[in-house]
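Written below as structure tokens is the structure these notes are about.
The values are calculated or read from the model by the stated rules, or taken from the named source; none is laboratory data. These numbers were taken from a predicted model, which means no experiment stands behind them. Cβ sites come from the backbone with ideal geometry, for glycine too, and all protein chains shown count toward neighbours. We work out accessible area using only protein heavy atoms, side chains counted, and drop any ligands, DNA or RNA first. Shrake-Rupley method; radii C 1.70, N 1.55, O 1.52, S 1.80 Å.
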Amino acid sequence: MGSAAAVQALLEQTRKTFGGLHLVANNAALGAPNKPVTELTEAEWDRCMGVTLRGVWLCMKYQLPLIEASGGGAIVNVASVSALRG
């Protein structure tokens, strides 16, 4: 699971190295262990949601101001193919 501090540090290094940010592809997905949902632990579920949802949200939260300051750009979020099946 990512942290806000880690994302901010990465984006600050990006700004210093490249002078701004115009294009980002967030590709983060972590499936829960392959077992019945009744057997998943809360920790397993939280890790899955933390990477797949919270991680991408944190990235966008801190990428957007940098993209706007750079004059615009695009963010592409790529999800798991697991969305296509139950």
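Which value, in Å³ per residue, describes the convex hull spanned by the Cα atoms of the chain?
90 Å³
For a Förster distance of 35 Å, can you work out the FRET efficiency between the beta-carbons of ALA9 and LYS35, rounded to the nearest 0.05?
FRET efficiency, ALA9 to LYS35: 0.50.
Evaluate the distance, in nm, between pseudo-label points positioned 7 Å from the Cα of MET60 and of ALA74 along their respective Cα→Cβ axes.
1.6 nm
Of all accessible surface on the chain at a 1.4 Å probe, what whole percent is carbon and sulfur?
60 percent
Ranked by accessible surface with a 1.4 Å probe, highest first, in what order do SER70, SER3 come?
SER3, SER70
Per the helix-only calculation at 222 nm, which mean residue ellipticity applies to the chain, given -39500 (n - 2.57) for every DSSP H run of n ≥ 4 and division by its residues, nearest 500 deg cm²/dmol?
Working: 3 runs with 37 residues, N = 86.
The per-residue figure over the chain is -13500 deg cm²/dmol.
Per residue, what accessible area does the chain have, given a 1.4 Å probe and all protein chains present, in Å²?
For the chain, the solvent-accessible area averages 70 Å² per residue.
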